[in-house]
Amino acid sequence: MVVQMKASGAGGRRRQRCHRKRLKEEEEEEEVVAETQRMIHIAVERNRRKQMNDYLAVLRSLMPPCYAQRVDQASIVGGAISFVKDLERSVEFLEAQKRIKHKSDATAGENMAAAADVEVSLQDRHANVKIFSRRRPRQLLSLVLAFHTLRLTPIHLNVTTIDAMVLYGFNLKVEDDCHFTSVDAIATAVHQIIARIREELS
């Protein structure tokens, strides 16, 4: 009886030792997994930062140095925004030059002076209006006042001048009580405004 109890006690201790060993191995395995995940996260973050820095370097190389004199991320992105806006203004300037050449080839000088080209696009409650005409005193102020009267509120304006010609680019909010809700209606109204301005100054 005594021998059997000793044997049973020894077997229990062996099971306990095995259990503790398994627990320790599981803990070590969990630590290895956690460390591996941490290293993967560090590597991914390092690669992300490297890729971002590479993109910023490429973006900076595409701009004239005056737009990104500092190398921090905010300066590069801000410089890129300014550069794109300047490019947009340059495109509008070149479009205006192209229109001048086209009109000078197609019409006589006197007719060109009297004419005004109007382009209108409409999206939701916003209208983009481009007006290409001869420069006249107080013409811009008259346009803005007329738009307000028609309940077309100017939100943004670009002005490009070439010699005696000017290209206005208006972004207008079509107010809820505005009666001009189509492209044709707005274009007709703009032509009438330009004609009235020309008559007042003639």
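Counting only Cα atoms, segment 149-202 measures 38, 25, 18 Å along its principal axes, largest extent leading. With every protein chain in place and a 1.4 angstrom probe, the accessible-area ranking of Thr149, Thr36, largest first, reads Thr149, Thr36.
Averaged per residue, what accessible area in Å² does segment 130-172 show with a 1.4 Å probe, protein chains only?
Values: 2070 Å² over 43 residues.
Using a 1.4 Å probe on heavy atoms only, each residue of segment 130-172 averages 48 Å².
The values are calculated or read from the model by the stated rules, or taken from the named source; none is laboratory data. Model, not experiment: these values are computed from the prediction. Note: areas computed on protein heavy atoms with side chains; ligands, DNA, RNA excluded. Shrake-Rupley method; radii C 1.70, N 1.55, O 1.52, S 1.80 Å.
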